[in-house]
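Below you'll find the structure, written out as structure tokens, and then a few comments.
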Amino acid sequence: MSLLSDLIPINLNEEKEKFFNDNSYNPQFIYEKEISQERLIEHGLPNQKYSELSNYILEKTFFGRNEDDLSMMEGPIIIQSYVDKAVKTFLHMHQLQKKYNVIWSSSFLSRASVNRDTLKLRLPADFRKEGLIGMMYHEIGTHALRNINYEQQPWYKHKKKFGFSNYLKTEEGLASLHSLLAHTHKSAFNSAVRYSAVIYSQKTSFAETWRMLGKYVQDPERRWMITIKQKRGLTDTSKPGGFTKDFVYFEGMIEIWLWLKKNNFDITNLYFGKLAKEDAKLATDLNPNFVPKLPSFFSLDKNKYANEMNKIGEFNGFDKLK
């Protein structure tokens, strides 16, 4: 089983019920396997130099607004049948309709996720107009297409042999940026909230992390999910620590945006496969005649893509960093 599967407590629902009856309670989780501290921090720890920027984004975004206001900015709520149709249309646009199945289930932890042949969507459907487009750009336009291109490379399943590095920050950073392209409000607050939650959870308990998140996340189910993602892996969540993966989304966004700015917001070389930005030249050298399948939101209007990316960087202060 994967680490993510190992991190799901077998008594999750029981502990959730206890916590919702008493928000000062710190869940006591049971796992099928013991999970070491090394595995919980295998992705590393947050870089403190970005914490000020995450605070800046949150202060700017939530000044005079709350979670409901930000949600309303994404447009009207979209019913499941429309979501299903939109997703299948987007897959068809990229000639992926035969490659990917679309599956709905209430058992999925994430609202949307994609693997090599399936797009998983959680029931009940929970999308507004701009959020739906952002999800498709994130899951299909980034993750799925990079994987399709990866499968055609001479280094497919042989990254270590060819000297490729870890690509997670590039993968999630690029996908997170793309999820904002269609948004009128370009705030990276979702990634900033999760980044702050990682930092806070490394110092405090489950209940204290939950309370901190209340400043930004009023919806109890969503706040529970964010807190769980940080504290999973711990048996006694009154202790500091937990799974740190969520920090890579925010740091990845910043680092990829800065890389794209230096490269005229051209993503072509990043789409040679599932690779880190540092390995873009290596990938192109290994397969110089390869023409990657690119997302329509880039290939149809590269100037618009660059303009929207500049707006994201300007709003979130990425353009102030070096």
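The values are calculated or read from the model by the stated rules, or taken from the named source; none is laboratory data. This is a predicted model, so every value here is computed, not measured. Note that each Cβ is placed from the backbone with ideal geometry, even for glycine, and that neighbours are counted across all protein chains shown.
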### Query
If the Cβ limit is 6 Å and pairs must be 6+ apart or interchain, which residue in the range 17-30 that is touching a residue at least 24 places away in the same chain (Cβ under 8 Å) pairs with which residue that is hydroxyl-bearing (Ser, Thr, Tyr) and outside any helix (DSSP H, G or I)?
Phe19/Tyr25; Asn26/Ser205; Asn26/Thr237; Asn26/Ser238; Pro27/Thr237; Phe29/Thr235
### Query
Within the range 51-72, can one find any residue that is aliphatic (A, V, I, L, M) and in contact with a strand residue (DSSP E or B) (Cβ under 9 Å, 6 or more places away or on another chain)?
yes
## Note on the structure
Of all helices (runs of 4 or more DSSP H) fully inside the range 7-106, the set with 1 or more residues that are surrounded by 15 or more Cβ atoms within 10 Å (Cβ to Cβ) and either under 20 Å from the mean Cα position of the chain (by Cα) or polar (S, T, N, Q) (or both) is 37-40, 51-62, 67-72, 80-93
### Summary
For the range 38-72 the number of residues that are in contact with a helix residue (DSSP H, G or I) (Cβ under 8 Å, 6 or more places away or on another chain), modelled with pLDDT under 90 and of a type in the set (A, V, I, L, M, F, W, C) is 1
### Query
If you take the residues of the range 142-187 that are among the hydroxyl-bearing types (Ser, Thr, Tyr) and part of a helix (DSSP H, G or I), which of them is nearest to Ala276 (Cα to Cα)?
Thr170
### Summary
Scanning the range 112-125 for residues that are in a loop (DSSP other than H, G, I, E, B) and surrounded by fewer than 17 Cβ atoms within 10 Å (Cβ to Cβ) gives Asn115, Arg116, Asp117, Leu123, Pro124
### Query
Given Phe298, Phe315, Phe247, Phe265, which one is under 21 Å from Met135 (Cα atoms), among the aromatic types (Phe, Trp, Tyr) and under 18 Å from the mean Cα position of the chain (by Cα)?
Phe247
### Message
I'd like to check something: does the range 25-40 contain any residue that is among the aliphatic types (A, V, I, L, M) and within 28 Å of Gly252 (Cα to Cα)?
### Response
yes
### Message
What's the number of the only condition in (1) loosely packed, with under 12 Cβ neighbours inside 10 Å; (2) at pLDDT below 95 that Lys161 fails to meet?
### Response
(2)
